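Below is one structure; the comments refer to it alone.
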Amino acid sequence: MLRRFSANLAILYILIDAALVLSAMVLAVKLRPLFNSLDFVRFLEVPIQMPGMVYVLTVLVWTGVMALLSVYDGRRNLLIVDELTNLTLAAGVAFVSLAGVLYLSYREVSRLLYLLFGFQAYLYLLIWRVIVRLLYRWRGHVGAQTRRVLIIGAGAVGHQVKEQLIKYPYFGLTFVGYLDDDAQKRAADESILAPLDQTRTVIQAQSVDDVVLALPRSAYERVNRLIAELHDLPIKVWVVPDYFSITLYQAKVEDFAGIPLLDLRAPALNDYQRLTKRAFDLVMTIFFLPLALMMMGVIALAIWIDDPGPVIFRQTRLGENGRLFKMFKFRTMIVGAEELQHLIEREDDQGRSIHKFPDDPRVTRVGNLLRRTSLDELPQLFNVLKGNMSLVGPRPELPHLVAKYQRWQRKRFTVPQGVTGWWQVHGRSNKPMHLHTEDDLYYVQNYSLRLDLYILFKTIWVILRGEGAY
């Protein structure tokens with residue numbers, strides 16, 4: 001029901017992409033002589049003789065790579081952000097792949113010509129998809145033929161399905177109404193058309209195309225009977241498993257040993273987002289590591305002179321998906337400070353633990369400076385390199401505090417935990433993170449590489465101002 005592309009449309013997309021990629025190469029050949037006058041460009045004789053096999057390889061490599069990277073899979077590209085993200089990744093891989101193929105076969109192809117081709121190919125593929133998306137939206141607004149959807153079950157899951165249908169009207173789905181056996185619900189809600197025993201009658205009277213079964217787990221025996229009753233009608237029947245209310249963040253169908261299973265603890269980041277985030281972490285960490293190592297050497301010496309003992313403090317924290325790991329920090333307290341934690345720990349008016357204070361007597365002189373400047377966090381760059389942490393994300397929490405979490409708060413662990421995050425740049429220690437999980441959930445729900453960059457730059461500003469750090 002929610003797939004924009006049929007197999008025929010997918011083939012049409014491949015053919016159009018092939019034509020556009022071929023056009024980009026032909027036009028690049030025509031445009032290349034215009035750059036002969038530039039000093040840094042090799043002069044090419046006009047007209048440029050391009051082997052016909054180059055055109056064939058260009059089309060095969062680009063469309064093949066895009067097919068392999070799911071650009072033509074409608075299930076993975078329902079939203080425009082997903083489609084354009086997949087297209088960008090596929091175009092980059094195709095560009096590099098074709099360059100390798102040409103290097104091994106037709107090495108005489110001009111590098112500038114190839115750059116002109118790559119830029120045009122990506123631009124053409126991008127523009128025509130945006131146009132198609134706009135046409136889909138326009139088509140939905142001018143009353144084009146839509147699929148009529150009946151939802152069986154007017155509970156929380158059924159209302160979530162309705163909200164999704166309304167949220168994306170350009171998919172061509174029209175909400176017809178609910179069916180529910182609860183007489184009180186039917187009296188209070190006009191959208192509930194009838195009880196479940198009138199399902200066939202309502203489907204035929206309302207010309208329903210799709211039926212969504214959104215009944216609670218306790219009614220699954222009724223689901224089986226309904227599916228059997230509707231098997232002879234020319235409709236599609238969809239079942240929404242009533243497990244989403246107990247998921248950590250979201251649920252996805254995954255292949256597990258060849259069996260399609262529902263993953264109730266699916267991560268918040270898709271594979272592409274996880275790849276780009278990890279690559280970003282490694283590049284940024286490796287780039288700044290030489291300077292960080294020099295600073296760490298000076299800081300380690302200062303800690304040891306001020307209070308002889310271990311320089312690095314290792315503490316067990318909860319990472320992504322609740323996994324335990326050892327987080328590294330410079331020691332900022334006297335040796336054995338953790339054994340004294342119970343003597344200074346307090347509770348707020350609502351009985352919630354407060355374990356961090358601006359006047360903590362266990363903090364050393366150097367430790368106080370490190371905390372105010374957040375330099376005590378520098379060793380966590382090694383956690384980033386190991387993969388335990390990310391540069392940006394919710395802060396790893398102490399296990400004994402997580403044990404007091406409500407279920408909704410645990411959603412903060414569906415992304416990699418970070419050295420800095422949304423919470424740090426909006427209050428830091430003035431807002432204990434276990435009491436302000438909303439900041440972390442905002443990051444989880446709005447993650448992007450752009451947001452990571454914003455948080456990193458904002459972190460520098462917050463540190464320089466010395467706000468809320470102790």
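The values are calculated or read from the model by the stated rules, or taken from the named source; none is laboratory data. Predicted model, so just to flag it, every value in this text is computed and none were measured. So basically every Cβ, Gly included, is an ideal-geometry build from the backbone, and we count neighbours across all protein chains shown.
Computed values, structure above
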item	result
Those residues of segment 93-136 which are over 23 Å from residue 73 (Cα atoms) and of a type in the set (S, T, N, Q), in sequence order	105, 110, 120
Scope segment 193-234; condition surrounded by fewer than 15 Cβ atoms within 10 Å (Cβ to Cβ) and of a type in the set (A, V, I, L, M); matching residues	205, 227, 228, 233
So residue 104, is it assigned to a helix (DSSP H, G or I) and in contact (Cβ under 8 Å) with a residue 60 or more places away in the chain	no
Counted residues, segment 39-69 - those being over 22 Å from residue 22 (Cβ atoms) and free of Cβ contacts under 8 Å to residues at least 60 places away in the same chain	4
Yes/no for residue 110 being in the same structural domain as residue 79 (by TED's automatic domain parsing), surrounded by fewer than 14 Cβ atoms within 10 Å (Cβ to Cβ), under 30 Å from residue 59 (Cα atoms) and touching a Leu at 6+ places or on another chain (Cβ under 8 Å)	no
Entirely in segment 363-432, the helices (runs of 4 or more DSSP H) that have 1 or more residues that are within 22 Å of the chain's Cα centre (by Cα)	380-386
Residues satisfying the stated conditions in segment 177-192, i.e. over 19 Å from residue 227 (Cα atoms) and either touching an Asp or Glu at 6+ places or on another chain (Cβ under 7 Å) or surrounded by 19 or more Cβ atoms within 10 Å (Cβ to Cβ) (or both)	186, 192
Residues of segment 19-48 satisfying the condition of being modelled with pLDDT of 80 or more and not aliphatic (A, V, I, L, M)	23, 30, 32, 33
Failed criterion for residue 123 (all others in (1) surrounded by 14 or more Cβ atoms within 10 Å (Cβ to Cβ); (2) of a type in the set (A, V, I, L, M); (3) closer than 13 Å to residue 21 by Cα hold)	(1)
Exclusive hit being in the same structural domain as residue 27 (by TED's automatic domain parsing) and modelled with pLDDT under 85, set 78, 84, 89, 57	78
Residues of segment 35-75 that turn out to be exposed (fewer than 12 other Cβ atoms within 10 Å of the Cβ) and among the polar types (S, T, N, Q), as a count	2
Residue check for residue 89: exposed (fewer than 12 other Cβ atoms within 10 Å of the Cβ) and under 25 Å from the mean Cα position of the chain (by Cα)	no
Counted residues, segment 451-466 - those being charged (D, E, K, R) and without any contact (Cβ under 8 Å) to a residue 40 or more places away in the chain	2
Segment 382-410 residues that are among the acidic types (Asp, Glu), paired with ones that are in a loop (DSSP other than H, G, I, E, B) (beta carbon under 9 Å, 6 or more apart)	397/405; 397/417
Filter result for the condition that a residue is modelled with pLDDT of 85 or more and either touching a Ser or Thr at 6+ places or on another chain (Cβ under 9 Å) or crowded, with 19+ Cβ neighbours inside 10 Å (or both), over 157, 132, 149	149
Segment 348-380: number of residues that are modelled with pLDDT of 80 or more and over 19 Å from residue 418 (Cα atoms)	8
Test: residue in segment 23-42 that is within 30 Å of the chain's Cα centre (by Cα) and either assigned by TED's automatic domain parsing to the domain that holds residue 168 or aliphatic (A, V, I, L, M) (or both)	no
Failed condition for residue 323, given (1) closer than 15 Å to residue 389 by Cβ; (2) touching a strand residue (DSSP E or B) at 6+ places or on another chain (Cβ under 8 Å)	(2)
Residues (at pLDDT below 80, under 25 Å from residue 321 (Cβ atoms) and of a type in the set (Asp, Glu)) located in segment 432-470	438, 439
Segment 443-459 - residue that is of a type in the set (D, E, K, R) and surrounded by 13 or more Cβ atoms within 10 Å (Cβ to Cβ) and, of those, farthest from residue 389 (Cα to Cα)	458
